[in-house]
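What follows is one structure encoded as structure tokens, with my remarks underneath.
Rule-based calculations on the coordinates, nothing more; no lab input. Keep in mind that what you see is a predicted model, and the values were worked out from it rather than measured. Don't worry about glycine lacking a Cβ; one is built from the backbone with ideal geometry, like all the others, and counts go over all protein chains shown.
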Amino acid sequence: MDEDKNFTPFKGRILREGSDAPRAPARRHRLSTRLWHWANVLVLLVMAMSGLMIFNAHPRLYWGAYGANDDPAWLEFGVWTDDAGANHGGITLLGHTVETTGIFGLSRGSDGQELALAFPGWMTLPSTYDLALARSWHLAFAWGLALGLAAYLLWSLANGHIRRDLHITRAEWSPRSIARDVVDHLRFRFHDDGYGVLQKLAYAGVLFGLLPLMIASGLALSPGMDAAAPWLLDVLGGRQSARSLHFLGLCGIGLFVVVHLAMVLASGPVNQVRGMITGQKREGDRP
Amino acid sequence: MISLPTISRRGLIAGGGLLLSGCDRVVRQPTIEGWVEGAAGLHMPAQRLLLGRDALAREFREADMSPTFRSNGNTEGDAAWAAHAAEGFARWSLRVDGLVKRPLDLPLTALKAMTQRRQITRHDCVEGWSAIGQWQGPQLAQVLAMAGLMPSARFVVFHCADKTGEDPYYESIDLVDAFHLQTILAWGMNGRELPVEHGAPVRLRVERQLGYKQAKYVMRVEVRDTLAGLYGGKGGYWEDVAGYQWYGGI
């Protein structure tokens, strides 16, 4: 990291505009946060794409301990052929079918041939049907996700990141404070003085909610883990419920990533990305 | 609307030509593939550490059973098997050989006369679905004890009568799973004789692993010191043919 002679050591205090702090690069993200962030870009992308490939092997979701083709599914990807002989793809959610030809259920391969795949090849790893290879990648990167999250949480507990930056204070929990943050977002007014309450909720939701859910529900899909820790399935409501929660968790993470990227774009992407790479940003820069 | 069946989907894709995208070139790059498969080597020791030898798969009540238990893979054996099936397996016997002191030929009546274990367990297919059913048969440990293992024994291989491609189906487990309390040679399912589509007359139940390890139509149990030299050397049909992990606990 470049040392600037005006550099003010970061002590958990946010340098505010208008304060007597020097206009120097402010520490924006700790090294631990930056390392974990970019490692996650890779790990989560591989996990999601290989996970969708695994889902393609049986694109039906159930609640409870068991569930197979003869059992009712709450979500199902499928194909059908109309009277004219044309193929269609669709998703059936709770009994209601929506046609999704071209993307979900039925898509075209690189050579233009129709493929009956729940998720199209461009969304999966590998891009053609290979459950064994997708599982190898998914399970190898799962170590990175689990150990990375554990290391990051411990590191962030030790260096005060959780307490100082993510902890939602009693004042912030007030409806007035939340409403103000919602209005600020709607007006595209983003402040630099630490995370807002919605931002904290989003990050804490991913850190303490979605990612642990993905790890727990993923482990619960392993018959070996279920013998070692039967309580996992008691908590999650059975193996097929765990599989459904694993899928819904992915949807949650996908939603987070979309909103996260939208917020980065809306709040000055160059400065934001620089902040996540170098850890510094120019104080006073505004989108 | 029909859900996507695995086999026909594979057929569709096989005809689709394999134009590898840039992403796939990385995925199938040998160094990277070696690294990913290497990480897979962590799964089994880590699970065994948590599992120990004896942790049991959950057993369920009759009320928890699947209304229909989906059958998967092949639904019949080869010609020799068909001849036995036509006779109700009256002259069929299970060959137990390899690194054993006393090779055995156990007719179905002998397997039924041994101390039985009945268990209602969940079958988890590698594709993602699960079915709960009841299984009955002698523990594999009893059969192995009867045959007497040689000191060099390390793996138990199951040679089967069904064929997907050129080779018959085969699977293998190590001695930890072979001597596990719930590892049985099931001749009964859901209170009846094992149905043909589920692997009659006998299939393996190794309850802490995935479905492809549960070999159906078992004709011969072979005790070995190594998996090298067994077909492709990876210890199982899908392991050799499609690269599935030998350890099916995850």
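Structure above, values below:
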quantity	calculated
Candidates B:Leu227, B:Leu49, B:Leu99, ranked by Gaussian network fluctuation over chain B, Cα under 10 Å, top entry	B:Leu49
5 angstrom amide H check on A:Gly67, placed H, neighbours 5+ away	B:Ser130, B:Ala131
Listed residue pairs exceeding 20 Å between alpha carbons, taken from B:Lys101/B:Lys213; B:Lys101/B:Lys234; B:Lys112/B:Lys216; B:Lys163/B:Lys234; B:Lys112/B:Lys234	B:Lys101/B:Lys213; B:Lys101/B:Lys234; B:Lys112/B:Lys234
From phi via Karplus (6.51, -1.76, 1.60), per-residue ³J(HN,Hα) for the range B:203-214 in Hz, x at Gly/Pro	10, 7, 10, 10, 6, 9, 10, 6, x, 5, 7, 7
Length gained when the stretch A:Trp122-A:Val259 is fully extended (0.36 nm per residue, less Cα-Cα span)	47.1 nm
For B:68-74, mean number of other protein chain Cβ atoms within 10 Å	2
Karplus 3J(HN,Hα) series, Hz, for the range A:50-64 with 6.51 cos²θ - 1.76 cosθ + 1.60 (x for Gly, Pro)	6, x, 5, 4, 5, 4, 4, 5, 7, x, 9, 10, 10, 10, x
Signed unit charges on C-beta, dipole axis of the range B:65-221, positive-most listed residue B:Ser152, B:Ala83, B:Ser130	B:Ser152
Long-range amide H partners of A:Leu115 with built H, under 5 Å	A:Ser107, A:Arg108, A:Gly109
Burial order of peptide ranges B:165-173, B:24-32 (average beta-carbon count within 10 Å, highest first)	B:165-173, B:24-32
Longest exposed-site-free window of chain A, the sites being GluC sites (Glu not before Pro) in a DSSP loop that have at most 14 other C-beta atoms within 10 Å	A:18-287
The range B:155-250 - percent relative contact order, Cα under 8 Å, separation 6 or more	31
For A:83-92, mean number of other protein chain Cβ atoms within 10 Å	1
Residue list for the range B:191-207, given a label point 7 angstrom along the Cα-to-Cβ vector of B:Glu62 and an amide N cut-off under 16 Å	B:191-193
For residues of B:37-44, the mean tally of beta carbons on other chains within 10 Å	4
